[in-house]
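S.K.: Attaching a single structure in structure tokens format; questions to follow.
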Amino acid sequence: MKIVVGVSSGIAIYKAIDLVSRLRKEKHELIVVMTPDATRLVSPAVFSAVGGCPVYHKWLRVENGWIPHTEISRTTDVLLIAPATANTISKIANGLADNLLTLIALSFDKKAKIVVPTMNCRMYENPVFQENLDKLREHGWFIVEPEEGHLACGEVGKGRYPDNEKIVEAVYLLTTPKKLTGKRVLVTAGPTRERIDVVRFVTNASSGRMGYALATVAKRMGAEVSLISGPTCLKPPYFIDEFVTVESSEEMYNEVMKRYKDFDVVIMNAAVGDYRPEEFYEGKLKKTEEDLILHLKRTKDILKELGEKKTHQILVGFAAEVENFESNAMKKLKEKNLDLIVVNDARKAFASKTVEAFIYGKKGFIKKVDESDKVGVAADILDVVAELFASGSYS
Ligand code: CTP
């Protein structure tokens, strides 16, 4: 994508250097536009080197028919202003165009317009400024809200620059085609923990990455998304509508069942424990000289029950197999009354950052997703879900 990164003179400007670097690593083509005051805090040369891109900050002479602000706003897909000072936001909200950045903002007529306001908390809460921010919202700007915390001035409050990861996610949120608008998608992720005693449990190696990627991408595609997660080390995905943490398969069962009837798609990506210790020891088991035999009981098969109770939902299951991918997958799909099943190689899929997947539907093989990061695989899976909705061929 072609992105204009607008930089104004907030103290958080040093974080915008990392933002530009991240966007470059994700292969976006960048143009940085700085306000005159921003260039007094950080040299344009820094942004140019880190972004591998042109940096504009002066009124440019119009030469050879090249009019910078109209050309830049016409030939780019996204306008992202980070950090955005109260001054820059207020000028844009009121249609002022007294530097190259505000001129570009005035002539930028595409949908993907993002501002990241950062400032002192009293300035941020000022009703005049809030009115200006609301004006931008009304005119289609997406606001990545600042966080609460310690500010450069020594005060504590709302006004901190948010994580760059979140700002980059806002770019994808605004630019991904909205194939799942109006759909409610429930995703489960991660392992479950079945407690033996107060410090020990039975679990598995699921990292949760695949389920978190599915929730992230479903949101990008316009769905309303709830994620129910077992214990993982991951940050909750940005911008999703609901994030619920559970520990055991029983808790996951309860949270999924509570929501089932209100959702259009359920993607059971969690590696739900198939067994739990028969008894929970209310303390810490002491070792003895004897071997210890742990009796395990079957847990409820959540997906099977969802299949039995299905009314209108698209149900997607996962299977980790080491052999006979197609026959094992089709058997599970039929037994659990699924619409889609995604098969991974159990020897490679768990706890790895990339994965290869095979997607099967009621009529058999649909597609192979070549090894890629989990966000890429999630996008392929959700494309198949969107195609099912479009064709109406699910029950
Ligand atoms: N699943 C579930 N509830 C369980 C166990 C699994 O909902 N108690 C779901 C998983 O989220 C996944 C699918 O069922 O979508 C996995 O199916 P399963 O038959 O349990 O596969 P495996 O765990 O790989 O089992 P098997 O040892 O039978 O291959």
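S.K.: Using a 1.4 Å probe and counting only protein heavy atoms, arrange Glu165, Glu356, Glu387, Glu148 so the residue with the most accessible area comes first. Provide the component values of the computation, followed by the final result.
M.R.: Details: Glu165 90, Glu356 55, Glu387 110, Glu148 145 Å².
Highest to lowest solvent-accessible surface, that is Glu148, Glu387, Glu165, Glu356.
S.K.: As a test question: what accessible area, to the nearest 10 Å², does Ser352 have when a 1.4 Å probe is rolled over all protein chains in place?
M.R.: Surface accessible to solvent at Ser352 totals approximately 30 Å².
S.K.: Below 8 Å between Cα atoms, with a sequence gap of 6+, how large is the relative contact order for the chain in percent?
M.R.: After rounding, I find 11 percent.
S.K.: Could you derive backbone 3J(HN,Hα) for region 24-36 from the dihedral phi with the Karplus parameters 6.51, -1.76 and 1.60 (θ = phi - 60°), listing whole Hz in sequence and x where the residue is Gly or Pro?
M.R.: 5, 4, 7, 6, 8, 8, 10, 10, 9, 10, 9, 6, x
S.K.: How large is the helix-only mean residue ellipticity at 222 nm for the chain, computed as the sum of -39500 (n - 2.57) over DSSP H runs with n ≥ 4, divided by its residue count, in deg cm²/dmol to the nearest 500? The partial results should precede the final answer.
M.R.: Values: 15 runs with 142 residues, N = 395.
Counting only the DSSP helices, I get -10500 deg cm²/dmol.
S.K.: Please list 3J(HN,Hα) in residue order for region 364-370, calculated via the Karplus relation 6.51 cos²θ - 1.76 cosθ + 1.60 where θ = phi - 60°; whole Hz, with x for glycine and proline.
M.R.: Rounded to whole hertz, the list is x, 4, 10, 6, 9, 9, 4.
S.K.: OK, next. Would you mind telling me which residue in Phe263, Phe108, Phe201 has the biggest mean-square fluctuation in a Gaussian network model of the chain, where springs connect alpha carbons within a distance under 10 angstrom?
M.R.: Greatest mean-square fluctuation among the candidates belongs to Phe201.
S.K.: Taking 8 Å as the Cα distance limit and 6 or more residues as the minimum spacing, I'd like the relative contact order of region 341-389 as a percentage. Numbers along the way, then the final one.
M.R.: Working: 59 pairs, mean separation 14.0, N = 49.
Computed over region 341-389, the figure is 29 percent.
S.K.: For the chain, what log10 I(q)/I(0) values come out of the Debye formula at q = 0.11, 0.13 1/Å, with one point per alpha carbon and no solvent?
M.R.: -0.88, -1.06
S.K.: Write down the accessible area per residue of the chain in Å², having rolled a 1.4 Å probe over the full set of protein chains.
M.R.: Details: 19260 Å² over 395 residues.
Ligands and nucleic acids excluded, the result is 49 Å² per residue.
S.K.: Going by amide H atoms built from the backbone, whose H comes under 5 Å of the H on Ile366, apart from near neighbours?
M.R.: The list, which skips near neighbours in sequence, is Ile359, Tyr360, Gly361.
S.K.: What ranking of Glu278, Glu242 comes out by heavy-atom accessible area, probe 1.4 Å, highest first? Please report the intermediate quantities before stating the final value.
M.R.: Numbers: Glu278 90, Glu242 60 Å².
Ranked list, largest accessible area first: Glu278, Glu242.
S.K.: Taking Lys258 as the anchor, which aspartates and glutamates have their alpha carbon closer than 19 Å to its alpha carbon, excluding any fewer than eight residues away along the same chain?
M.R.: Counting by Cα, and skipping residues close in sequence, Lys258 has these aspartates and glutamates nearby: Glu224, Asp241, Glu242, Glu247, Glu250, Asp301, Glu305, Glu308.
S.K.: Related question: Using a simple charge model, +1 on the beta-carbon of Lys and Arg, -1 on the beta-carbon of Asp and Glu, nothing else, what dipole does region 2-175 show about its Cα centre, in debye to the nearest 20?
M.R.: Values: 20 positive and 20 negative charges, 79 e Å.
It works out to roughly 380 debye.
S.K.: Mind grabbing the accessible area of Leu60 for me, 1.4 Å probe, Å², rounded to tens?
M.R.: 60 Å²
S.K.: Accessible area of the chain with a 1.4 Å probe: how many percent of it is carbon plus sulfur? Display every interim value, and only then the final one.
M.R.: Values: 9790 of 19260 Å².
Of all accessible area on the chain, carbon and sulfur atoms account for 51 percent.
S.K.: Hey, which aspartates and glutamates would be in cross-link range of Lys331, C-alpha to C-alpha under 14 Å, not counting anything within fewer than 8 residues on its own chain?
M.R.: Those aspartates and glutamates meeting the cut-off are Glu321, Glu323, Asp339.
S.K.: How many lysine pairs are close in region 149-244, with Cα atoms under 15 Å apart and the two 8 or more places apart or on different chains? Mind dumping the intermediate values first?
M.R.: Details: Lys166/Lys219; Lys166/Lys235; Lys178/Lys219; Lys179/Lys219; Lys183/Lys219.
Lysine pairs, 8 or more places apart or on different chains, close enough: 5.
S.K.: Dividing the alpha-carbon radius of gyration of region 184-391 by 2.2 N^0.38 Å (N being the number of residues), what value is obtained? Write out the running numbers ahead of the final one.
M.R.: Working: Rg = 17.3 Å, N = 208, 2.2 N^0.38 = 16.7 Å.
The reported ratio for this selection is 1.04.
S.K.: Return the inverse of the average 1/r over all pairs of distinct C-alpha atoms in region 59-143, which is the Kirkwood hydrodynamic radius, in Å to one decimal. If you can, show how the numbers build up before the last one.
M.R.: Values: mean 1/r = 0.0745 Å⁻¹.
Evaluated over region 59-143, this radius sits at 13.4 Å.
S.K.: Which order do Lys27, Lys374, Lys2, Lys353 take when ranked by solvent-accessible area (1.4 Å probe, heavy atoms of all protein chains), largest first? Don't skip to the answer; put the middle values down first.
M.R.: Details: Lys27 170, Lys374 15, Lys2 65, Lys353 140 Å².
The ranking, largest first, comes out as Lys27, Lys353, Lys2, Lys374.
S.K.: If you don't mind, there's one more thing I want to ask. Give me the extension gain from Ser391 to Glu278: residue separation times 0.36 nm, minus the current Cα-Cα distance, reported in nm with one decimal.
M.R.: On the way: separation 113, 0.36 × 113 = 40.68 nm, distance 4.54 nm.
Length gained between Ser391 and Glu278: 36.1 nm.
S.K.: Let me ask something additional. In this model, which of Lys304/Lys332; Lys332/Lys374; Lys353/Lys374 are farther than 18 Å apart at the alpha-carbon?
M.R.: On the way: Lys304/Lys332 9 Å; Lys332/Lys374 23 Å; Lys353/Lys374 7 Å.
The pairs that break the limit, which is 18 Å between Cα atoms, are Lys332/Lys374.
S.K.: Using Cα positions and a limit of under 27 Å, work out the lysines in reach of Lys286, with same-chain residues fewer than 8 apart set aside.
M.R.: Candidates past the 8-residue exclusion: Lys297.
The values are calculated or read from the model by the stated rules, or taken from the named source; none is laboratory data. Because the structure is a prediction, the values reported are computed rather than measured. Counting neighbours? That spans all protein chains shown, and the Cβs are built from the backbone with ideal geometry, glycine included. Surface areas here come from the heavy atoms of the whole protein model, side chains and all, with no ligands, DNA or RNA. Shrake-Rupley method; radii C 1.70, N 1.55, O 1.52, S 1.80 Å.
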